[in-house]
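Some notes on the structure that comes next.
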Amino acid sequence: MTQNLADASRPAVPAAVPAARTTAANDAARGGWWRDAVIYQVYPRSFADGNGDGMGDLPGIRARLPYLRDLGVDAVWLSPFYASPQADAGYDVADYRAVDPMFGTLLDADALIRDAHDLGLRIIVDLVPNHSSDQHEWFQRALREGPGSPLRERYHFRPGKGEDGELPPNDWESIFGGPAWTRTADPDGTPGDWYLHLFAPEQPDFNWDNPAVADEFRSILRFWLDMGVDGFRIDVAHGLVKAPGLPDLGSHDQLKLLGNDVMPFFDQDGVHAIYRSWRQILDEYPGARIGVAEAWTPTVQRTANYVRPDELHQAFNFQYLGTGWDADALREVIDVSLDSMRPVQAPTTWVLSNHDVTRHATRFANPPGLGTQIRTAGDRVLGLRRARAATLLMLALPGSAYIYQGEELGLPDVTDLPDEVRQDPSFFRQAGQDGFRDGCRVPIPWSGTEAPYGFGPNPGGPSWLPQPAEWAGLSVEVQTGDPTSTLELYRSALAVRRAQPALGAGTGVEWLPAPAGVLAFRRDAAEGSFVCTANTTGEPVLIPAPGRMLLSSAEAVETENGVELPADSTAWWAV
Ligand code: NOJ
């Protein structure tokens, strides 16, 4: 007997959209909504363009909120939409309390937050406390007022080394390439002090030893909490405090944006006092407002420090993101992640893609070991097959999962963008090595056969980065209702995750015996148990069927001897 399980023509779950999970009782039962939340990252420049200028905006996002509700996510994280000269796509903030006109107005933000709440979606906004824009009022005044200005104390201004101060104050390099210092001119035009910028020169680092900086950010937190946001994703959360004296590194390779080396400007113990003070503010507000650390640390154990009970709620698990499609490596990182978070009682998070790394469909299309900035398309069929499997594996793990816009469409990175259209500042920096982030930022295809594929209102209209012609076949419109599509796989997976309390909840997995290259684990809950199997090999593998199949990333075949798990596939089972 041969029987197809998870048959493409048979939806694995009822088509009905699950009810939002945001009731107070439901939140309490889950120990806090964020513990098992699926959080969808919207990159505002590229999600939906409401006014047709080629740039995504808040009204565009607002109009697409029902899509996100129907997808089945719990919360939406918005990358920065604040007033910004856009030297680093909005991660250079000139005014933390204003919306950049390219994205809309504060009224649009208010309407977006209200609509999201009405739909049962929570809103997390990005907070960028490590640096401001060089156009920020404080920095501009610091430049204008010259040496001795108290505003200079809010940043890291230093005299240069060398006879005429012509050398940078220390040997730190910018993560985007080149020195981490830029020399200023004094008000009379003569060369003056240098200022520190771990990223682009347009992003001067704040001096967090200055109380005015801490006061200002506490006030900014309150401003957005009063606007009704449910939390903050904290940019470069590990970078705010620098080692006293800003010591030289000695010789060192060019830093990587997503590296995890121990540095005098990363993961200093002093950052934790900041997060403890922020936690007190978050806790003043009703409804569990959360903080999520973007913290690149050498180990998951160090990451756990950011989510101790009196600090933030979640931290991104970049070690997981950096793990290849390999059963042993995945099992190890899953165990270490869960073990590290258990003592601090924080949920583990899982993430495969974001706006800084090559999309996982393209990472897995390439040979392992190339890192997270990949310039080659690789084997797309293989990449998508593995990406679908990796997503089902991620969504079966206990904790909170992050989805980056477009991964639900199986989008690959655009690896052949012409240099003229690129905007990533690190692409243009001297010795910049991580400058390929534009490839994962190309606007979303929603519908139609002509670019911008519904991203903007007008067929043939602009989009700030060009979309490949083949994206017409990957649009939301094309994939909707096609049970073989990646979009319907995500919809089904998120619906099953809601229907199966064992998914997402808890703090551990029970590993089951499995053939080489296959991961199998069990999760138990009062309502029933659940098994996840992931075949990371390039060959089908026969195993005894663990139970009743709920969902599979590829068509599994049941035979007299068991179930054949297709190459590079994940399946979910009710047992
Ligand atoms: C991390 C952000 O995700 C990235 O996009 C940005 O360039 C740097 N932080 C600097 O803000």
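For this structure, a couple of remarks:
- Residue among Ala24, Ala28, Ala20 that is closer than 29 Å to Arg548 by Cβ, modelled with pLDDT under 95, of a type in the set (Gly, Ala, Ser) and open to solvent by 10 Å² or more (accessible area, probe 1.4 Å): Ala20
- Among (1) in a loop (DSSP other than H, G, I, E, B); (2) within 16 Å of the ligand (Cβ to nearest atom); (3) in contact with a Gly (Cβ under 6 Å, 6 or more places away or on another chain) - the single one Gly435 does not satisfy: (3)
- Residues satisfying the stated conditions in region 452-495, i.e. in a loop (DSSP other than H, G, I, E, B) and either open to solvent by 40 Å² or more (accessible area, probe 1.4 Å) or of a type in the set (Lys, Arg) (or both): Pro457, Asn458, Pro459, Gly460, Pro462, Pro466, Thr480, Gly481, Asp482, Pro483, Thr484
- Options Pro398, Pro445: the member that is assigned to a loop (DSSP other than H, G, I, E, B), free of Cβ contacts under 8 Å to residues at least 40 places away in the same chain and open to solvent by less than 20 Å² (accessible area, probe 1.4 Å): Pro445
- Only a single criterion out of (1) touching a His at 6+ places or on another chain (Cβ under 7 Å); (2) open to solvent by less than 10 Å² (accessible area, probe 1.4 Å) is not satisfied by Ala304, namely (1).
- Residues of region 324-374 that are within 16 Å of the ligand (Cβ to nearest atom) and among the polar types (S, T, N, Q): Thr349, Ser353, Asn354, Thr358, Thr372, Gln373.
- Among the conditions (1) farther than 30 Å from Gly517 by Cβ; (2) open to solvent by less than 10 Å² (accessible area, probe 1.4 Å); (3) touching a strand residue (DSSP E or B) at 6+ places or on another chain (Cβ under 9 Å), the only one that Glu294 does not satisfy is (2).
- Region 514-571 holds strands (runs of 3 or more DSSP E) entirely within its bounds, and those carrying 3 or more residues that are among the polar types (S, T, N, Q) and either in contact (Cβ under 8 Å) with a residue 12 or more places away in the chain or in contact with a His (Cβ under 7 Å, 6 or more places away or on another chain) (or both) map to 528-535.
- Residue, farthest from Pro244 (Cα to Cα), within region 146-194, restricted to residues that are free of Cβ contacts under 8 Å to residues at least 40 places away in the same chain and among the hydroxyl-bearing types (Ser, Thr, Tyr): Thr190
- Scan of region 120-136 for residues that are within 16 Å of the ligand (Cβ to nearest atom), open to solvent by less than 10 Å² (accessible area, probe 1.4 Å) and not in a strand (DSSP E or B), ordered by number: Val128, Pro129, Asn130, Ser132, Ser133
- Filter result for Leu312 (touching a Pro at 6+ places or on another chain (Cβ under 8 Å) and assigned to a loop (DSSP other than H, G, I, E, B)): no
- Residue in region 100-119 that is within 17 Å of Glu216 (Cα to Cα) and either modelled with pLDDT of 95 or more or part of a loop (DSSP other than H, G, I, E, B) (or both) present: no
- Comparison of Ala401, Ala361, Ala389, Ala365 shows that the only residue that is within 16 Å of the chain's Cα centre (by Cα), under 23 Å from Glu539 (Cβ atoms) and small (Gly, Ala, Ser) is Ala361.
- Residue match in region 53-61 (condition: buried (at least 23 other Cβ atoms within 10 Å of the Cβ), within 16 Å of the ligand (Cβ to nearest atom), in a loop (DSSP other than H, G, I, E, B) and modelled with pLDDT of 95 or more): yes
- Where strands (runs of 3 or more DSSP E) sit wholly within region 157-234, those with at least 1 residues that are crowded, with 17+ Cβ neighbours inside 10 Å and touching a Leu at 6+ places or on another chain (Cβ under 7 Å) occupy 181-185, 231-234.
- Residues that are over 17 Å from the mean Cα position of the chain (by Cα), assigned to a helix (DSSP H, G or I) and touching a residue at least 12 places away in the same chain (Cβ under 8 Å), drawn from region 315-336: Ala327, Leu330, Arg331, Val333, Ile334, Val336
- Arg388 fulfils the conditions (1) modelled with pLDDT of 95 or more; (2) within 16 Å of the ligand (Cβ to nearest atom); (3) among the basic types (Lys, Arg) except for a single criterion, (2).
- Filtered residue count, region 77-99, keeping only those that are closer than 15 Å to Trp224 by Cβ, away from the ligand (no atom under 13 Å from the Cβ) and part of a loop (DSSP other than H, G, I, E, B): 1
- Selected residue (criterion: farthest from the ligand (Cβ to nearest atom)) from residues of region 401-432 that are open to solvent by 10 Å² or more (accessible area, probe 1.4 Å), charged (D, E, K, R) and part of a loop (DSSP other than H, G, I, E, B): Asp416
The values are calculated or read from the model by the stated rules, or taken from the named source; none is laboratory data. Treat the numbers as computed from the prediction; the structure is a model and nothing was measured. A quick note on method: Cβ atoms are made from the backbone with ideal geometry, for glycine too, and the neighbour counts reach across all protein chains shown. For accessibility, only protein heavy atoms count, side chains too; no ligands or nucleic acids. Shrake-Rupley method; radii C 1.70, N 1.55, O 1.52, S 1.80 Å.
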